[in-house]
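Below is one structure; the comments refer to it alone.
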Amino acid sequence: MTSAIADSAQPCPAPSNGAANPARLALRRVLIDTYHENVAYMHRDCDIYRAEGFKALSKVEVRTNGRSILATLNVVDDRTIVACGELGLSKAAFAQMGVEDGHTVTVAQAEPPESIGALHRKLGGERLNLEDFKAIVHDIAEHHYSKIELTAFVVATNRDELDREEVYFLTQAMIEVGRHLDWHESLVVDKHCIGGIPGNRTSMLIVPIVAAHGMLCPKTSSRAITSPAGTADTMEVLANVELPVDQLEEIVRRHRGCLAWGGTANLSPADDVLISVERPLSLDSPGQMVASILSKKISAGSSHLVLDIPIGPTAKVRSMPEAQRLRRLFEYVARRMKLSLDVVITDGRQPIGFGIGPVLEARDVMRVLENDPRAPIDLRQKSLRLAGRLIECDPDVRGGDGFAIARDILDSGRALAKMNDIIQAQGSRSFDHNQPNLGALTFDVRSPNAGTVTSIDNLQIARIAGLAGAPKVKSAGVDLLCKLGDEVQAGTLLYRVHASYAADLEFARQACQKSIGFCVGPAADMLHAFVEF
């Protein structure tokens with residue numbers, strides 16, 4: 001950590017004398033990742049701290065060179081973190097100022113965000129209008145809200161607290177504060193899953209298939225929020241996913257598709273901030289989900305979207321009536337936004353594929369693309385069906401022919417060639433799916449008795465993979481050897497857990513001791529899926 005002030009014991013600066021003589025401090029970068037929250041650090045003995053009446057967790061405004069940010073104040077007693085004459089800023093906040101360590105900044109009490117009145121009305125149960133949501137989302141995107149205020153908004157809009165028109169207003173507001181990509185084509189396709197199913201890496205197969213068909217598919221994906229891997233985490237095993245917008249646009253125009261992390265594109269910046277609160281709270285309300293997904297897809301320039309809603313006893317959506325309610329909400333907002341939407345309800349009773357964790361999931365994807373006999377059949381079939389639905393958006397394709405076209409593209413090797421083109425364009429990384437670099441520390445989980453695998457707990461398997469280190473440790477995760485309906489004997493290997501660190505392995509082992517996530521019993525006990533495919 002660098003500092004412009006070598007002597008931390010030097011006299012404190014004098015307090016300000018009103019707006020004409022604002023408090024001035026030397027800026028210091030504090031190497032703390034506060035994850036989408038601007039945090040400022042001030043020493044308790046600083047005269048300015050006492051004179052201005054600052055308090056811990058209050059909001060301050062930091063200004064320099066015509067730029068300003070709002071930040072939540074943390075008060076420190078350790079001068080090695082921030083000295084008396086300094087103002088520290090967390091990594092993200094410091095980057096927004098665009099200056100070097102030691103640069104002089106002014107600091108003052110911040111005015112409450114303009115939208116705080118609308119937030120209070122929502123907390124009181126009132127219905128908000130479009131202008132209210134625009135004001136709130138603008139303040140969120142500009143980091144004017146503290147984590148406490150963000151949490152209040154997320155909780156106030158959780159579950160059934162938003163009617164369908166409010167969800168439309170929230171979606172519209174989230175679109176307006178971000179970048180909007182325009183591909184100057186009438187047909188721009190995308191696919192999205194609401195999540196909750198481990199190993200469900202269909203996007204990494206769908207994109208090269210539909211791009212090989214000639215359709216434009218700019219796939220910008222998120223990293224994992226609560227799962228052991230997101231599409232961006234898994235694609236990062238194969239290629240660079242943090243692409244500047246200019247490079248992303250050039251790749252899409254040249255190769256008709258990409259698989260990139262959406263954070264650098266700034267498509268829905270307010271959503272990225274909200275996720276920072278939703279993640280630790282494990283909240284994923286229907287209204288927030290619809291606004292999050294559709295705002296990013298519309299901002300990315302999509303005209304046609306296939307949406308995958310898996311249902312199962314341990315999926316996000318657990319019944320057909322719940323899935324239908326969510327479908328109608330998505331369809332209502334999409335219709336208002338003039339987005340063509342095809343919602344598909346799928347089997348979410350178990351993980352898709354064998355691997356759970358970035359390297360294991362990348363292995364499965366490449367095996368499907370190479371038509372390897374070891375490839376997971378369920379991942380292949382689901383990807384082909386979803387790709388087929390997208391291909392049928394092509395006016396030259398007859399309804400019902402999409403699946404066969406997608407299968408021909410995959411079987412012929414055209415999808416693999418397209419994926420390799422995309423990987424090279426994004427910046428290839430060394431990866432051998434025949435000998436993937438998996439975590440060297442392992443333990444096996446075996447069946448406690450003979451019978452049929454009647455259920456698999458998605459949440460517990462994902463938790464075990466996460467405790468093993470995924471997705472931050474890309475080589476960590478769970479490698480499934482058995483799926484629903486398989487006949488097993490006592491001692492049959494159900495799955496193997498991979499980790500790179502002994503502590504992670506032990507955490508995963510302890511979770512398995514509580515529940516292995518598999519039920520083995522009579523075949524009649526297995527729940528059947530009542531879904532579209």
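The values are calculated or read from the model by the stated rules, or taken from the named source; none is laboratory data. Every value quoted in this text rests on a predicted model; they were computed, and no experiment measured them. Heads up, the Cβs are rebuilt from the backbone with ideal geometry, glycines too, and the neighbour counts pull from every protein chain shown.
Worth pointing out:
One line per residue, one yes/no per condition, for (1) farther than 30 Å from residue 246 by Cβ; (2) of a type in the set (A, V, I, L, M, F, W, C):
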site	(1), (2)
295	no, no
309	yes, yes
314	yes, no
336	yes, no
339	no, yes
351	yes, no
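- Complete set of residues in segment 317-371 that are closer than 30 Å to residue 428 by Cβ, in a strand (DSSP E or B) and not aliphatic (A, V, I, L, M): 355
- Residue count for segment 372-386 under the criterion of being assigned to a helix (DSSP H, G or I) and either closer than 21 Å to residue 481 by Cα or at pLDDT below 95 (or both): the result is 7.
- Of all residues making up segment 249-260, the number that are in contact with a Pro (Cβ under 7 Å, 6 or more places away or on another chain) and farther than 8 Å from residue 218 by Cα: 0
- Pick from segment 439-459, criterion under 28 Å from the mean Cα position of the chain (by Cα) and outside any strand (DSSP E or B), ranking: surrounded by the fewest Cβ atoms within 10 Å (Cβ to Cβ): 440
- Only listed residue being over 24 Å from residue 201 (Cβ atoms), aliphatic (A, V, I, L, M) and at pLDDT 85 or above, chosen from 260, 291, 300, 239: 291
- Test: residue in segment 426-433 that is aromatic (Phe, Trp, Tyr) and in a loop (DSSP other than H, G, I, E, B): yes
- Counted residues, segment 330-345 - those being out of contact with any strand residue (DSSP E or B) (no Cβ under 8 Å at 6 or more places or on another chain) and surrounded by 19 or more Cβ atoms within 10 Å (Cβ to Cβ): 1
- Residue match in segment 80-88 (condition: under 29 Å from residue 138 (Cα atoms) and modelled with pLDDT of 95 or more): yes
- Some residue of segment 56-67 being crowded, with 18+ Cβ neighbours inside 10 Å, within 16 Å of residue 109 (Cβ to Cβ) and among the polar types (S, T, N, Q): no
- Positions within segment 199-223 being more than 13 Å from residue 362 (Cα to Cα), touching a Ser or Thr at 6+ places or on another chain (Cβ under 9 Å) and part of a loop (DSSP other than H, G, I, E, B), in sequence order: 222, 223
- Residues satisfying the stated conditions in segment 75-87, i.e. surrounded by fewer than 21 Cβ atoms within 10 Å (Cβ to Cβ) and either over 11 Å from residue 49 (Cβ atoms) or of a type in the set (Asp, Glu) (or both): 77, 78, 79, 80, 81
- Residue within segment 39-57 that is under 25 Å from residue 263 (Cα atoms) and not small (Gly, Ala, Ser) present: yes
- Considering 511, 462, 470, the condition of being part of a loop (DSSP other than H, G, I, E, B) and not basic (Lys, Arg) is satisfied by 470 alone.
- Filtered by the rule that a residue be crowded, with 21+ Cβ neighbours inside 10 Å, out of contact with any Pro (no Cβ under 7 Å at 6 or more places or on another chain) and over 25 Å from residue 531 (Cα atoms), segment 298-319 gives 298, 299, 302.
- Single match in 315, 265, 224, 232 (criterion: without any contact (Cβ under 8 Å) to a residue 40 or more places away in the chain and either over 13 Å from the mean Cα position of the chain (by Cα) or closer than 21 Å to residue 355 by Cα (or both)): 232
- Qualifying residue in segment 387-397 (condition: in a loop (DSSP other than H, G, I, E, B) and either small (Gly, Ala, Ser) or at positive phi (or both)): no
- When segment 52-83 is filtered for residues that are touching a residue at least 40 places away in the same chain (Cβ under 8 Å) and in a loop (DSSP other than H, G, I, E, B), the ones remaining, listed by number, are 52, 53, 54, 57, 58, 79, 80, 81, 82, 83.
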